[in-house]
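**Q** Take a look at the following structure, please.
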Ligand code: UD1
Ligand code: CA
């Protein structure tokens, strides 16, 4: 196999998105569309991956800064796709073999299909191989004009005659090129067209004139080469990404009540016999074990959920970890750093942040537990609040094993409630409570007889 180099075009403005955000950073099925393309490129283990950026290049560069394998080339101004590829000449100086050109706005292409293109290109020894597709609605795309069997040229929609517009075979914008002579050819492309741009597809006619061999490969699944130019197209592609993910999960034993309303990001993993009810959103790098039940309206982001966990309706769970047999919700909010150990239970209107709840401990109603370490078999009464913020710093609360916190208590951190201690209902705990002790802070109750009727007379 020849050396492989990948170039991804992403310098265009994406005018039709009407967005402040660079087009290729818009999310398709939960992941920025360019990430899909980079993943596909990397799957082929190329010698280099170069991204051509231009419009909002700084935003793009910083969004992709975790990819140390990428080289960036800035195209400024953006004079068309041929010009974009030409800007990589210096970066690719001395390279030989095959150059694969991808578009940052065509995210559904699979590594398998791309591999087929490369194999075909290299075994035919062509100067260029164009990936094409036959579609029902070719409008907007470049059309493949053939003379006999062979591709003669590509004509852009805007420049096409009505006869050419009737052609349903389109240019996917994905090509394999022999690097030998490629940049020299690109320099010979003119901008004589409706947009006054240097069109990369024009290299095909140029090669044919020069008698170099150009091949095509027709992709069978046209979804793979869908380009995104507008938000309507973005939504359509997102739907396909989701459908593929849901199909993969169901094949692996996950029950999805209503796939059309179930949003699972591509990097999420879910174990068998877990049930996803309608309207759930599982995002980022979340992992969910087997035998879980996730009820409607739940959103889980970057979290680890073990086996047999039940998440009741309308919970939001972010960067948290739930051990086996935990039950949460409905209406619970688990924020960054919530750790629920085996059999712990969190009920309705309970918020946890940076808090560990021990094995079998419960906070069933209306509580805020922040920056707290809570032992095993602890009972947190309704309305309990850890007052973790003193206006300047966040402070820790420790509640040891078997403690009982009565309803409507405030724990003024930093503070510790010892093993097995009781906090009476409505207590404001300002000092540590020793193990086994009872803490009460409210004054003695006073009853005023006949008060109501005396008030009403007045
Ligand atoms: C392009 C092809 C068309 C094909 C279609 C497939 C050209 C002239 N036309 O049209 O034949 O059917 O893709 O989706 O190539 N870009 C740059 N620099 C530029 C211009 C564009 O980097 O100066 C990038 C864009 O960011 C985008 C890609 O190149 O990622 C394609 O550009 P776009 O303007 O979307 O081309 P299409 O009109 O879709
Ligand atoms: Ca496009």
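**Q** For region 337-361, which positions are at positive phi and either buried (at least 21 other Cβ atoms within 10 Å of the Cβ) or assigned to a loop (DSSP other than H, G, I, E, B) (or both)?
**A** Answer for region 337-361, where residues must be at positive phi and either buried (at least 21 other Cβ atoms within 10 Å of the Cβ) or assigned to a loop (DSSP other than H, G, I, E, B) (or both): 337, 343, 354, 360.
Quick grid of which residues meet (1) within 13 Å of ligand 2 (Cβ to nearest atom); (2) touching a strand residue (DSSP E or B) at 6+ places or on another chain (Cβ under 8 Å); (3) part of a loop (DSSP other than H, G, I, E, B):
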residue	(1), (2), (3)
195	yes, no, yes
198	no, no, yes
208	no, yes, no
212	no, yes, yes
220	no, no, yes
223	no, no, no
233	yes, no, no
237	yes, yes, no
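**Q** Residues of region 77-91 being in contact with a helix residue (DSSP H, G or I) (Cβ under 8 Å, 6 or more places away or on another chain) and more than 9 Å from ligand 1 (Cβ to nearest atom), which ones?
**A** If the condition is that a residue be in contact with a helix residue (DSSP H, G or I) (Cβ under 8 Å, 6 or more places away or on another chain) and more than 9 Å from ligand 1 (Cβ to nearest atom), then 86, 89 are the ones that fit.
**Q** List the pairs whose first member sits in region 12-26 and is away from ligand 2 (no atom under 14 Å from the Cβ), whose second member is part of a helix (DSSP H, G or I), and whose Cβ atoms are under 8 Å apart, counting only residues at least 6 apart or on separate chains?
**A** 18/231; 21/59; 25/33; 25/34; 25/59; 25/60; 25/63
**Q** Something else now. What are the residue pairs meeting all of these: first residue in region 223-243, first residue on the phi > 0 side of the Ramachandran plot and at pLDDT 95 or above, second residue within 14 Å of ligand 2 (Cβ to nearest atom) and assigned to a helix (DSSP H, G or I), Cβ atoms under 7 Å, and 6 or more apart or on different chains?
**A** Note: no pairs meet the criteria.
Every residue, every condition in (1) at pLDDT 95 or above; (2) surrounded by 14 or more Cβ atoms within 10 Å (Cβ to Cβ); (3) within 15 Å of ligand 1 (Cβ to nearest atom), yes or no:
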| residue | (1), (2), (3) |
| --- | --- |
| 21 | no, yes, yes |
| 30 | no, yes, no |
| 35 | yes, yes, yes |
| 50 | yes, yes, yes |
| 55 | no, yes, yes |
| 61 | yes, yes, yes |
| 66 | yes, no, no |
| 73 | yes, yes, yes |
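**Q** For the condition away from ligand 2 (no atom under 16 Å from the Cβ), in contact with a helix residue (DSSP H, G or I) (Cβ under 7 Å, 6 or more places away or on another chain) and assigned to a loop (DSSP other than H, G, I, E, B), what is the one hit in 108, 44?
**A** Details: 108 fails: away from ligand 2 (no atom under 16 Å from the Cβ).
44 is the lone residue from the list that is away from ligand 2 (no atom under 16 Å from the Cβ), in contact with a helix residue (DSSP H, G or I) (Cβ under 7 Å, 6 or more places away or on another chain) and assigned to a loop (DSSP other than H, G, I, E, B).
**Q** Answer yes or no as to whether residue 273 is closer than 22 Å to residue 81 by Cα, more than 16 Å from ligand 2 (Cβ to nearest atom) and either under 27 Å from the mean Cα position of the chain (by Cα) or not in a helix (DSSP H, G or I) (or both).
**A** On the way: closer than 22 Å to residue 81 by Cα: no; more than 16 Å from ligand 2 (Cβ to nearest atom): yes; either under 27 Å from the mean Cα position of the chain (by Cα) or not in a helix (DSSP H, G or I) (or both): yes.
Against the criterion (closer than 22 Å to residue 81 by Cα, more than 16 Å from ligand 2 (Cβ to nearest atom) and either under 27 Å from the mean Cα position of the chain (by Cα) or not in a helix (DSSP H, G or I) (or both)), residue 273 does not qualify.
**Q** I've got another one for you. Condition first: assigned to a loop (DSSP other than H, G, I, E, B), touching a strand residue (DSSP E or B) at 6+ places or on another chain (Cβ under 8 Å) and within 16 Å of ligand 2 (Cβ to nearest atom). Now tell me which residues in region 67-101 satisfy that.
**A** 75, 78
**Q** Of the residues 377, 419, which single one is modelled with pLDDT of 95 or more, surrounded by fewer than 19 Cβ atoms within 10 Å (Cβ to Cβ), on the phi > 0 side of the Ramachandran plot and part of a loop (DSSP other than H, G, I, E, B)? So that I can check it myself, show each step before the final result.
**A** Numbers: 419 fails: on the phi > 0 side of the Ramachandran plot.
Answer to the selection: 377.
**Q** Please verify whether residue 122 is more than 22 Å from residue 38 (Cβ to Cβ), modelled with pLDDT of 95 or more and within 16 Å of ligand 2 (Cβ to nearest atom), treating the condition exactly as stated. First the steps, then the outcome.
**A** On the way: more than 22 Å from residue 38 (Cβ to Cβ): yes; modelled with pLDDT of 95 or more: yes; within 16 Å of ligand 2 (Cβ to nearest atom): no.
Here the answer is no, as residue 122 does not meet what is asked.
**Q** Additional query: Run residue 218 past the list (1) loosely packed, with under 14 Cβ neighbours inside 10 Å; (2) within 13 Å of ligand 1 (Cβ to nearest atom); (3) in contact (Cβ under 8 Å) with a residue 60 or more places away in the chain and report the number of the one that doesn't hold.
**A** If we test residue 218 against (1) loosely packed, with under 14 Cβ neighbours inside 10 Å; (2) within 13 Å of ligand 1 (Cβ to nearest atom); (3) in contact (Cβ under 8 Å) with a residue 60 or more places away in the chain, just (2) comes out false.
The values are calculated or read from the model by the stated rules, or taken from the named source; none is laboratory data. Remember, predicted model here, so these are calculated numbers, not experimental data. Because the Cβ atoms are built from the backbone with ideal geometry, glycine has one as well, and the counts that use them run over all protein chains shown.
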